[in-house]
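Student: Below: one structure in structure tokens.
The values are calculated or read from the model by the stated rules, or taken from the named source; none is laboratory data. Given the structure is predicted, the values throughout are model-derived calculations rather than measurements. Here the Cβ positions follow ideal geometry from the backbone for every residue, glycine too, while neighbour counts run over all protein chains shown. These accessible areas exclude ligands, DNA and RNA; they are computed on the full protein's heavy atoms, side chains included. Shrake-Rupley method; radii C 1.70, N 1.55, O 1.52, S 1.80 Å.
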Amino acid sequence: NRMMLAAVLVLLAGSQARAQTDPLPSWNDGATKKAIVEFVKATTEKSNPKFVAPEARIAVFDQDGTTWVEQPMYTQVVYCLERVPAAVKAKPELANIEPFKTVLSGNREAMAKFTTPQLEMILAATLAGMTVDEFSGEVKKWLATAKHPRFKQLYTDLTYQPMQEAMKLFRANGYKTYFVTGGGQDFVRMYSEQAYGIPLEQVVGSAG
């Protein structure tokens with residue numbers, strides 16, 4: 001029994017050591033993981049012909065479907081949907097117009113099927129009339145309390161662990177990490193600093 005216990009302890013110690021030295025522990029071993037690790041190694045070793053000077057090291061990431069939760073819809077869309085009641089209060093005539101009527105009904109299945117033009121109508125109605133500073137303050141307050149209906153967690157906690165690990169690997173090797181996203185620039189800037197440690201000046205997104 002003692003020999004079996006000793007063998008188990010040795011195996012556990014070995015697996016823990018591997019986990020500590022593996023820069024991408026959540027990634028499946030394979031070509032993609034190998035390529036990322038080898039790329040970082042090649043670009044940070046001075047003797048390698050692919051070496052990149054520290055001041056030139058930039059790693060760019062996508063947001064939607066890559067780093068934050070995307071189901072049943074993107075976080076920024078959820079934020080705008082939750083602002084619809086305030087928009088309707090300011091303009092009561094919206095209450096009987098689609099897609100606002102569906103949003104007020106609370107039918108999440110129907111909302112998940114909104115077309116791009118319908119979502120654009122919601123974004124325009126809920127984001128207009130504010131300065132950037134006012135908008136940023138509203139988003140910051142919302143992110144501090146809003147929780148995903150399924151996971152019951154703050155939206156800033158719902159990111160993909162493998163991509164978090166990739167960002168940390170690049171940063172640990174002198175890379176600046178940037179976002180270039182189709183999402184709303186000011187919203188993502190409020191989200192990214194808290195969720196990923198990417199400062200707002202390193203986020204490039206859509207701006208209306």
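Student: At 1.4 Å probe size, put D62, D133 in order of accessible surface, largest to smallest. Please list the in-between numbers first.
Tutor: Numbers: D62 65, D133 130 Å².
Descending accessible area places them as D133, D62.
Student: From the P(r) of region 69-148, could you give the percentage of C-alpha pairs in the tail past 14 Å?
Tutor: Working: 1979 of 3160 pairs.
So the portion of pairs separated by more than 14 Å is 63 percent.
Student: Find the Cα radius of gyration of region 51-208, compare it with 2.2 N^0.38 Å by division, and give the number to two decimals.
Tutor: Region 51-208 yields a ratio of 1.14.
Student: Contact order normalised by length for region 137-208, with contacts defined as Cα pairs under 8 Å and 6 or more residues apart; what percent is it?
Tutor: On the way: 72 pairs, mean separation 20.2, N = 72.
Relative contact order, region 137-208: 28 percent.
Student: Could I have the simple spin-label model distance between V52 and K34, label points 7 Å from Cα toward Cβ, reported in nm to one decimal?
Tutor: 2.2 nm
Student: I would also like to ask the following. Tally the DSSP beta bridges in the chain and give the antiparallel ones as a percent, rounded to 5. Write out the running numbers ahead of the final one.
Tutor: Numbers: 2 of 10 bridges.
Just about 20 percent of them are antiparallel.
Student: On C-alpha positions alone, give me the angle between the axis of helix 2-21 and the longest principal axis of the chain, in degrees, nearest 10.
Tutor: The helix 2-21 is inclined about 60 degrees to the chain.
Student: Using the per-residue mean of other Cβ atoms lying within 10 Å as a proxy for protection, in what order, highest first, do the peptides 38-44, 166-172 fall?
Tutor: Details: 38-44: 15.6, 166-172: 18.0.
The most tightly packed comes first, giving 166-172, 38-44.
Student: Mind listing P(r) for region 128-208? All alpha-carbon pairs, 5 Å bins, whole percents.
Tutor: 3, 14, 21, 24, 19, 12, 5, 1, 0
Student: Just name one of Y160, L104, W27: the one whose Cα is farthest towards the positive end of the charge dipole of the chain (beta-carbon charges, Lys/Arg +1, Asp/Glu -1).
Tutor: W27
Student: Contour minus end-to-end for K140 and A207, with contour as 0.36 nm per residue of separation and end-to-end as the Cα-Cα distance? It would help to have the intermediate numbers written out before the result.
Tutor: Values: separation 67, 0.36 × 67 = 24.12 nm, distance 1.80 nm.
Full extension of this stretch gives 22.3 nm more.
Student: Quick check for me: using +1 on Lys/Arg Cβ and -1 on Asp/Glu Cβ, what's the dipole size of the chain about its Cα centre, in debye to the nearest 20?
Tutor: Values: 23 positive and 21 negative charges, 130 e Å.
In debye, rounded to 20, the chain gives about 620.
Student: What angle, in degrees between 0 and 90 and rounded to the nearest 10, separates the Cα long axis of helix 161-172 from the longest principal axis of the Cα atoms of the chain?
Tutor: 60 degrees
Student: Sticking with this structure for a sec: Among V84, Y178, F114, which residue has its Cα positioned farthest towards the positive end of the charge dipole of the chain, with +1 placed on the Cβ of Lys and Arg, -1 on the Cβ of Asp and Glu, and the dipole taken about the Cα centre?
Tutor: Y178
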